[in-house]
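The values are calculated or read from the model by the stated rules, or taken from the named source; none is laboratory data. Everything numeric here is computed off the predicted structure, so don't read it as measured data. Note that we place each Cβ from the backbone using ideal geometry, even for glycine, and neighbour counts take in every protein chain shown.
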Amino acid sequence: MSKQYYSLVFIVAACLLLSLLYCPPVDIPGGDKEVFRYGGLTIIKGAVPYRDFFDHKPPLIFFLNTTAFVFGEWGFWLIDFGLVLLATLAFFRLCQRFRLPYPWLLPLLFNLMLRDFLLEVGMGMTREYTVIFGMLFFCVTMGRLRYKYFLMGLLAGLTFFMQQEQSLALVPFLIYALLTDLQIPLIRRIIQLGLGFLVIALPLLLYFALHHSLEYLWKDAFLFNFQWYTAQKKSMPDHFRTIKEMLDRINYEVPFMIAVTLGTASLLLKHKKKGLLIAALIGVSLSLSQEFMGRRAENHAFEHYFMPLSASICILLFVVFAFTEEAALLDRRVRPIYGFLLCGSLGYTALQHGTHLKLVKDDSDISSPVYGYLREHTIGDYQLFLMGDSYFIHAFNEKRILSPSPWIYQHFWKWYPKWDPDQALLKGIGEDILKHRTTYIVVDDADVARFINPANSGWWFAFLRDHYNPISIAGPPTSISLWKIKDIP
Amino acid sequence: MKKENWSLLFILSASVLLSLLYIPGFGHNPLSGDKEVYRYIGQVIRNGGVPYRDAFDHKPPLIFFLNYAALLLGGDWGQWLIDTCLALLATGAFFQLCRKYKLPYPWLLPLLFNLMIRDFYMCLGMGMTREYTSMLLLIFFCVLLGKYRYHYFLMGLLSGLVFFTQQDQVLCLVPFFLYAFLPEQDTVPFLTRLARTAAGFLAIALPVILYFVLHNALKDFWQDAFLFNLTWYTTTLKASFGDHLRKLKLIMDGGNYEVVSLVSVVLGVCAVIFPNTNRKLTLASLAAVVLSIIPEFMGGRDLPTRMTGMSFTHYFLPLSASLSILLFCVFAFSAEPALQGRRVQVIYGILICCSLSYTAIRFATHRPLDGYGRDIVTCQEMYYLRAHKPKDDQLFVFGSTDYLYAFNEFRITGPSKWIYQHFYTLYDHWDNDHAILYSIRADLSSHKTTYVIDCTSSSWFRDTSAYKIWNSFLLEHYQPVNFPDKDKTDTLAQLWKLKGIPD
């Protein structure tokens, strides 16, 4: 077997092993992922995202999550692994084509960053997929495929309808491709791009049009983000502090520092493709755009916002190493040094995580007495509602039941002072609950207590006491309480 | 002015500016229990007392003498001056060395040293023992590569200073000693080199020993500063090797040492493998890096619950010298183009200094005043004591070395030598027969000590019988001083006043 095949086997094995760190038995449920999974469940049950449940993500993630109910958890894992493997192999081929001395190094870094345990989200986040699409987009941009621009448009569409702002990071490469590839007329390239984009956009728009939900899609997945999600600002130094703190915490500091230092240094040193280098540097900045769009990341729960760096940093390093003409960076011996530096810390973290895996059944939420109670009882559609703790959404997905209210995602009451000032939304939730005579309500008391407007939490607790009785369940003290509708034995 | 002089000016200015981050005064140099102990014992010496005999600590004595000297020089500013001058001396010597070995940017590594030793996340301000041993280590290395007349004597002298400031730190000098004593390193006979080194060491050791002999405290010195560490400090609370590694990673991450450690060690290992004009010294410096953090592996000072937090960060401060030395060896002796050249070293320079510089600037412009012992300095107990001005032996602190600050502010000493009582919360078998606790009670009773700041609770003591003895003594002889807003303050301290003493 040639050396190149060994490299290929190595990188495929690394990709598989790192993906196995998040295979179903050990992929701990997380708030956002459970919401996406619930979105998939609503589609499977004939309901429509946005109209029948609220989220402000674009729709592709919900359609992707339908596969978990069609093919099972392992099927979903296989799709995820397959996508990462595709991006890894495409990147590996690119590194081979441009004769990088260790073509497996950057794809390995890509996998280590993407599967970094300290991001604490496992598999299934929207940005994981946009990272994959971003990497594929770059490989296509650098390739000589027949349908190059069509594919670029297709991948841009996938990115846009998976996580809106991540399409920004594709723009520098799109501009680079349009400016440098002069063999095909510009108009034709734009048409091809547009066609690729429409292949994704049209079926989605058609789906929502047929379900009379286009307005919901527009309002929730797009307008909402401008009106609320990006409206809270923080100062530029605060953004930098957050970035520094997050890079430290998620173990991205060394790759980030090396990539940006080498990228910037290459601008000043001899380099064959400075245009592409500038695009890659801008790509890194734009992959952080979500941090600059609001002030969510300051509360230490948004590490996954930095996941797109796993593609943009690897792309920048590729551009540096593939096209540099600087002796100091061309030296074969320099690469292993940077290789150790780039992968050392992340490799250690992956190893540590791999040797200390936690089973889903041992998760504190899943193994809690309240969850155990819900498992023991048969609960049908609309007979369970959750207030506060989004981790319990896992119960909907496990039991394959729908919530009585579209509002399963309730962080906004904690984030925005002007959210639901007259309790109209809460009253809507109450009406839905009473209409369906929902049997159980799980409440995270601590979470509800964090509602910014005390009138909101006050209304909710009053509603709860009026119509529900708490169920006493033996177990250690916790902020999670279970309530049962009055008059039901 | 020549370019080289500009570089010297730049690096000395940087050293002073970074030292200025920790000027005396509230909100600048953080208050920390260990430093308060050192200052307190300096105060004991000034009052005619003797370390170990009149105040317990398990550090070697030089740090107490240094604090005594600082008191003579005017207190906090005196210490700042000594500290800054030592940093300047180490920086200047290292800069000269880098220049001598024609490093393209001779200011780069001295700057790294200063950034690391003043790293806000790690150093706990100025005045920790390992800060001084780091400076001494760097000076030692400069002497090692220098051509001084009293080369070996100076090396011995510096090792003596290190040993009597922080014992374990002498270990990281060992690889350099081994290198210095290699036959090919010098034409001076081995025994002569050894004798000169020993003479240097004795120049520190003898006066120190003589001092304790003259004060009939040699036994106390031996038991507390040495035997104690071997019998208690390094043998109890063991953590697994994996836990030590995890702690190491955590502190490197949190303390901003990660990039520089990773870059230095990777380059150091590569420099050993690649062509090198002084492989032995590079190997010695790699060994010194490992040995400079050996205290982490010598025991488990952290309670298991604190293993995941940032604590004992100052144990990693010696990396500021050992990593700078390692990088010096890489840049000065490697013959590999991948590690040489101005452009390569600019890139490494940015990598190693960028994050630390950002932190220094951020710290300079955004001082976290609340984290600097504000709760101690501004607590109601302190205001009360300021109003009542306790004299010598009229105040005792139990359960927190942070509150020794009170002694140092009032420039008084306490009634008991046991000022450092963490061992009740650390070790299961500490003071099994309660002899120490009874001696504290006796000292407080004989001096009719008016005030006690008690920071303990039943859960603080590992041995519940010790808690009962202490608590019953307090209840019997003292009454709590209550403050109306007590529950609004963050301090755990309770001030007690001797019964029968009028307000």
>> Let me confirm something: among A:276, A:268, A:286, A:262, which residue is within 12 Å of chain B (Cβ to nearest Cβ) and in contact (Cβ under 8 Å) with a residue 24 or more places away in the chain?
In response: A:262
> So, of the residues in the range B:269-278 that are surrounded by fewer than 23 Cβ atoms within 10 Å (Cβ to Cβ) and in a helix (DSSP H, G or I), which turns out to be nearest to the chain's Cα centre (by Cα)?
Replying inline: B:269
>> When you scan the range A:303-324, do you find a residue that is under 30 Å from residue A:435 (Cβ atoms) and either in contact (Cβ under 8 Å) with a residue 24 or more places away in the chain or of a type outside the set (Asp, Glu) (or both), even just one?
In response: no
> Within the range B:147-182, which residues are touching a helix residue (DSSP H, G or I) at 6+ places or on another chain (Cβ under 9 Å) and charged (D, E, K, R)?
Replying inline: B:168
> Taking the range A:433-449 as the search range and keeping residues that are free of Cβ contacts under 8 Å to residues at least 40 places away in the same chain and not basic (Lys, Arg), which one is farthest from residue A:387 (Cα to Cα)?
Replying inline: A:434
> Given the range B:409-503, what strands (runs of 3 or more DSSP E) lie entirely inside it while holding 2 or more residues that are surrounded by fewer than 16 Cβ atoms within 10 Å (Cβ to Cβ)?
Replying inline: B:478-480
> In the range B:196-210, what residues are in contact (Cβ under 8 Å) with a residue 40 or more places away in the chain and over 22 Å from the mean Cα position of the chain (by Cα)?
Replying inline: B:196, B:197, B:198, B:199, B:200, B:202, B:203
>> Would you confirm, using the coordinates I've provided, whether residue B:482 is among the polar types (S, T, N, Q) and closer than 21 Å to residue B:381 by Cα?
In response: yes
> Which condition number in (1) over 22 Å from the mean Cα position of the chain (by Cα); (2) more than 30 Å from residue A:52 (Cα to Cα); (3) away from chain B (no Cβ under 14 Å); (4) surrounded by fewer than 18 Cβ atoms within 10 Å (Cβ to Cβ) is the one that residue A:171 fails?
Replying inline: (1)
> Scanning for something closer than 17 Å to residue B:40 by Cβ and outside any helix (DSSP H, G or I), does the range B:350-372 turn up at least one residue?
Replying inline: no
> Restricting to helices (runs of 4 or more DSSP H) lying wholly in the range A:303-397: which have 3 or more residues that are within 18 Å of residue A:105 (Cα to Cα) and within 14 Å of chain B (Cβ to nearest Cβ)?
Replying inline: A:309-323, A:334-355
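Let's see how each residue does on (1) in contact (Cβ under 8 Å) with a residue 24 or more places away in the chain; (2) over 30 Å from residue B:328 (Cβ atoms):
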| position | (1), (2) |
| --- | --- |
| B:58 | yes, yes |
| B:61 | yes, yes |
| B:66 | yes, no |
| B:74 | no, yes |
| B:77 | yes, yes |
| B:85 | no, no |
| B:93 | yes, no |
| B:96 | yes, no |
| B:99 | yes, no |
>> Looking at residue B:332 and the list (1) surrounded by 23 or more Cβ atoms within 10 Å (Cβ to Cβ); (2) part of a helix (DSSP H, G or I); (3) in contact with a Phe, Trp or Tyr (Cβ under 9 Å, 6 or more places away or on another chain), which single condition is not satisfied?
In response: (1)
> Can you find a residue in the range B:42-57 that is charged (D, E, K, R) and surrounded by fewer than 19 Cβ atoms within 10 Å (Cβ to Cβ)?
Replying inline: yes
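At least 2 residues that are among the β-branched types (Val, Ile, Thr) and within 30 Å of residue A:214 (Cβ to Cβ) in each: list the helices (runs of 4 or more DSSP H) lying fully within the range A:44-146 that qualify.
Passing ranges, in order: A:60-97, A:126-142.
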>> Among the listed residues A:107, A:58, identify the single one that is touching a residue at least 24 places away in the same chain (Cβ under 8 Å), more than 26 Å from residue A:193 (Cα to Cα) and of a type outside the set (A, V, I, L, M).
In response: A:107
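If a residue has to be of a type in the set (A, V, I, L, M, F, W, C), within 14 Å of another protein chain (Cβ to nearest Cβ) and within 22 Å of residue B:138 (Cα to Cα) to count, how many in the range B:327-338 make the cut? Break it down into steps so the answer makes sense when it comes.
Of all residues in the range B:327-338, those of a type in the set (A, V, I, L, M, F, W, C) come to B:327-333, B:335, B:338.
Applying the additional criterion that residues be within 14 Å of another protein chain (Cβ to nearest Cβ) yields B:327, B:330-331, B:335, B:338.
Within this subset, residues satisfying the condition of being within 22 Å of residue B:138 (Cα to Cα) are B:327, B:330-331.
Counting residues in the range B:327-338 that are of a type in the set (A, V, I, L, M, F, W, C), within 14 Å of another protein chain (Cβ to nearest Cβ) and within 22 Å of residue B:138 (Cα to Cα) gives 3.
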> Cβ-Cβ below 8 Å, separation at least six or inter-chain, first residue in the range B:343-360 and more than 7 Å from chain A (Cβ to nearest Cβ), second among the acidic types (Asp, Glu): which pairs?
Replying inline: B:356/B:119; B:359/B:119; B:360/B:119
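Could you say which residue among A:206, A:186, A:195 is modelled with pLDDT of 95 or more, more than 14 Å from chain B (Cβ to nearest Cβ), under 30 Å from residue A:153 (Cβ atoms) and loosely packed, with under 13 Cβ neighbours inside 10 Å?
A:206
Look through the range A:245-254, keep the residues that are in a helix (DSSP H, G or I) and either hydroxyl-bearing (Ser, Thr, Tyr) or within 7 Å of another protein chain (Cβ to nearest Cβ) (or both), and return whichever of them is farthest from the chain's Cα centre (by Cα).
Restricting to residues being in a helix (DSSP H, G or I) and either hydroxyl-bearing (Ser, Thr, Tyr) or within 7 Å of another protein chain (Cβ to nearest Cβ) (or both), the top hit is A:254.
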> When only residues in the range A:224-244 that are surrounded by 13 or more Cβ atoms within 10 Å (Cβ to Cβ) and hydrophobic (A, V, I, L, M, F, W, C) count, which is nearest to the other protein chains (Cβ to nearest Cβ)?
Replying inline: A:240
> Tally time: how many residues in the range A:152-186 are among the polar types (S, T, N, Q), touching a residue at least 40 places away in the same chain (Cβ under 8 Å) and in a loop (DSSP other than H, G, I, E, B)?
Replying inline: 1
> If residue A:216 satisfies every condition in (1) more than 23 Å from residue A:307 (Cβ to Cβ); (2) of a type outside the set (Lys, Arg); (3) free of Cβ contacts under 8 Å to residues at least 40 places away in the same chain but one, which is the exception?
Replying inline: (3)
>> Looking only at the range B:377-407, count every residue that is more than 20 Å from residue B:47 (Cβ to Cβ), among the aliphatic types (A, V, I, L, M) and at pLDDT 85 or above and tell me the total.
In response: 2
